[in-house]
Amino acid sequence: MVGVFSHFLDVSKLLDWYSENKREYFWRKTSDPYLILVAGVLLRKTTSKQVSSVFSAFVKTFPDIEALNSAPVRQIEESIHSLGIFRVRARQIKEMCKIIVEDYGGNVPNDYSCLTHLPGVNDYIANSVLCFAYNTQVAIVDTNILRIFRRHTSNSNLTLKQAKDLSASSLPSSNFKDYNWALLDLAAKVCKAKIPMCTACPLDTDCLYLKNLSIHNSENSNNK
């Protein structure tokens, strides 16, 4: 499976598409581990557009781990109220900061195991910190990127672990940050959950989902 996928995932086309269609967000313009970690936590179960609307103000109010750690939970709740589930987020953020300050001297850890043991930090967030803050060559896969891989392989049962392995097999050695961002943006702008824009996809040539769809449409047309 990995060999097949790495053959038909055209990384060059993906990166060319990304250079013309990338989304611009504040947290993509920094390598600060704190900012990338906070962005990842806020982005859980929330759209990038929603987080973007509060992120700048959040960072101004809490410019570093120490400021966020010393802030009352109520203040954190108020700053992210519009994102939803704000009480849970605020509590997790507070607990996360406390551990980072007490156990890591206020420095966001650069170890996967340490990161995933922080409250509110999952595999995706941990790898985002490692990739975008600490320049680690690692594949990032969330449920949206999983959708791309399921469609590309025409395997609706593909697991997150399998998708991550497949993505890692195509991960470029130099442009791995752009590669991960490109997949995130492709899922958001083209390979959408409900109505994918297949004709605009840079990977359409080898997408098994699109091939099967084309065959299905052709058969229906011939039966009319």
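Taken together, the values in this text are just the output of simple stated rules run on the coordinates, not laboratory data. Not measured: the values here are computed from a predicted model. Neighbour counts run over all protein chains shown; Cβ positions are idealised from the backbone, glycine included.
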Open item on the list: Full-extension gain between residue 195 and residue 110, please, as 0.36 nm times their residue separation minus the C-alpha to C-alpha distance.
Closed with: 26.8 nm
Task: Environment charge of residue 25, counting only residues whose C-beta is closer than 11 Å and scoring Lys/Arg +1, Asp/Glu -1 - done: +3
Open item on the list: Counting only helical runs of four or more DSSP H residues, what would the 222 nm mean residue ellipticity of the chain come to if each run contributes -39,500 (n - 2.57) and the total is spread over all its residues?
Closed with: -18500 deg cm²/dmol
Task: Dimensions in Å of the chain - Rg and Dmax from alpha carbons - done: 19.4, 70
Task: Assigned charges on the beta-carbon of Lys, Arg, Asp, Glu; the stretch 25-180 dipole about Cα centre (debye) - done: 680 debye
TODO: Compute the relative contact order of the stretch 43-132 as a whole-number percentage, counting only Cα pairs closer than 8 Å that sit 6 or more residues apart in sequence.
DONE: 23 percent
Task: GNM top mover of 33, 63, 109 - the chain, alpha-carbon springs below 10 Å - done: 63
- [ ] Tabulate in residue order the Karplus-calculated ³J(HN,Hα) for the stretch 156-162, using 6.51 cos²θ - 1.76 cosθ + 1.60 with θ = phi - 60°, rounded to whole Hz; enter x for Gly and Pro.
- [x] 6, 9, 4, 8, 4, 5, 5
TODO: Rounded to whole Hz and in sequence order, give me ³J(HN,Hα) for the stretch 83-90 from the Karplus expression 6.51 cos²θ - 1.76 cosθ + 1.60, θ = phi - 60°, writing x for Gly and Pro.
DONE: 7, x, 5, 5, 5, 5, 4, 4
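Of the listed pairs 49/164; 13/211; 49/94; 29/211, which have alpha-carbon separations greater than 29 Å here? Present the calculation step by step, with values, prior to reporting the outcome.
On the way: 49/164 25 Å; 13/211 18 Å; 49/94 23 Å; 29/211 37 Å.
Where the Cα-Cα span goes over 29 Å, the pairs concerned are 29/211.
As an exercise, identify the GluC sites (Glu not before Pro) in the stretch 1-87 lying in DSSP coil whose Cβ has no more than 11 other Cβ atoms within 10 Å.
Counting only loop positions with at most 11 other Cβ atoms within 10 Å, the GluC sites (Glu not before Pro) in the stretch 1-87 are 24.
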- [ ] Go through the stretch 136-153 residue by residue and turn each phi into a ³J(HN,Hα) via Karplus (6.51, -1.76, 1.60, θ = phi - 60°); whole Hz please, and just put x for glycine and proline.
- [x] 8, 6, 9, 7, 10, 9, 10, 5, 6, 5, 4, 4, 4, 5, 5, 6, 5, 8
